Amino acid sequence: MTEEKSVNFPLIGTPAPEFVATTTQGEIHFPQDYKGKWIILFSHPADFTPVCTTEFMTFASMHEEFRGLNTELVGLSIDSIYSHLGWLNAIKNYSWNGIEHPEIEFPVIADIKMDVANKYGMIQGESDTHAVRAVFFIDPNGVIKTILYYPASLGRNFHEIKRVLIGLQKSEKEGVALPANWEPGKDVIVPPPGSCGDIKDRLEMAKGEKYEMKDWFLTFKKDD
Ligand code: BEZ
């Protein structure tokens, strides 16, 4: 029988736990060093493992795209800095899925004492020594906006990671909500009215060409 254990889980809408860590790009003070930028903080179970290698190749191939979205990547596993450097150097030799000889230029935390992993709920029921595949989306004020966790056996969906990031940025910038299976360019949702006055205003607004009101609480708006 699995022993019960308690894990700290950071919560959506709360400040990202702070830490200082050694990475493949030097020491970082998190999240202070990233003020004004979005951060994707992610963990992987272990260096020199197959699924993690495909994920790192994919993160590397999308690094510039994420930077274009004012977003920095920070990786983590419970491995030493020497292990990280050896693995990242090995990854440069590979080509897979149209990705050729990727250079990993984002920092990867050597969390050998599990300090960061424990703060972020990255050690769960699968292993006491390996992190799960966690993804934290942190906004430019250091607040956690979305958390995804995957098991070791399942590689992450990078289309979804990018979709979540773009969706969070859009929702924050435009004050809209996003429907099921939303993709950039598709209709958005105007948040429901909160008072009688608002409902009247909403009925007026919904007469505009850009809006489609299904009911008083469900109004779609064409993307700008
Ligand atoms: C992998 O990345 O392939 C992996 C890592 C840890 C456990 C299982 C698979």
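The values are calculated or read from the model by the stated rules, or taken from the named source; none is laboratory data. Every value quoted in this text rests on a predicted model; they were computed, and no experiment measured them. All Cβ positions, even for glycine, are placed from backbone atoms using ideal geometry, and neighbour counts span all protein chains on display. Areas reflect the complete protein model, heavy atoms only, side chains present, ligands, DNA and RNA absent. Shrake-Rupley method; radii C 1.70, N 1.55, O 1.52, S 1.80 Å.
Each row is one residue, and each column tells you yes or no for (1) more than 19 Å from A134 (Cβ to Cβ); (2) within 12 Å of the ligand (Cβ to nearest atom); (3) among the aliphatic types (A, V, I, L, M).
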{"residue": "S43", "(1), (2), (3)": "no, yes, no"}
{"residue": "D47", "(1), (2), (3)": "no, yes, no"}
{"residue": "E55", "(1), (2), (3)": "no, yes, no"}
{"residue": "E72", "(1), (2), (3)": "no, no, no"}
{"residue": "G75", "(1), (2), (3)": "no, no, no"}
{"residue": "I78", "(1), (2), (3)": "no, yes, yes"}
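Pairs only if they're at least six apart or on different chains, beta carbon under 6 angstrom, first in segment 81-103 and closer than 14 Å to P50 by Cα and modelled with pLDDT of 95 or more, second of a type in the set (A, V, I, L, M, F, W, C) and open to solvent by less than 30 Å² (accessible area, probe 1.4 Å); list them, first residue then second.
If the second residue must be of a type in the set (A, V, I, L, M, F, W, C) and open to solvent by less than 30 Å² (accessible area, probe 1.4 Å), the pairs left are L88/I104; I91/F56; W96/M57.
Take the conditions within 16 Å of the ligand (Cβ to nearest atom), under 11 Å from the mean Cα position of the chain (by Cα) and not β-branched (V, I, T) and apply them to A117. Does it pass?
Here the answer is no, as A117 does not meet what is asked.
Among (1) farther than 30 Å from V7 by Cα; (2) in contact (Cβ under 8 Å) with a residue 12 or more places away in the chain; (3) open to solvent by 60 Å² or more (accessible area, probe 1.4 Å), there is one condition L154 misses while meeting the rest; what is its number?
The failed condition is (1).
So, K200, is that one modelled with pLDDT under 95 and either open to solvent by 80 Å² or more (accessible area, probe 1.4 Å) or more than 19 Å from the chain's Cα centre (by Cα) (or both) or not?
yes
Mind checking whether some residue in segment 142-151 is open to solvent by 40 Å² or more (accessible area, probe 1.4 Å) and within 16 Å of the ligand (Cβ to nearest atom)?
Among the residues of segment 142-151, at least one is open to solvent by 40 Å² or more (accessible area, probe 1.4 Å) and within 16 Å of the ligand (Cβ to nearest atom), which makes the answer yes.
Every residue in segment 78-114 that is charged (D, E, K, R) and over 13 Å from S43 (Cα atoms), please.
Listed by number, the residues that qualify are K92, E100, E103, E105, K113.
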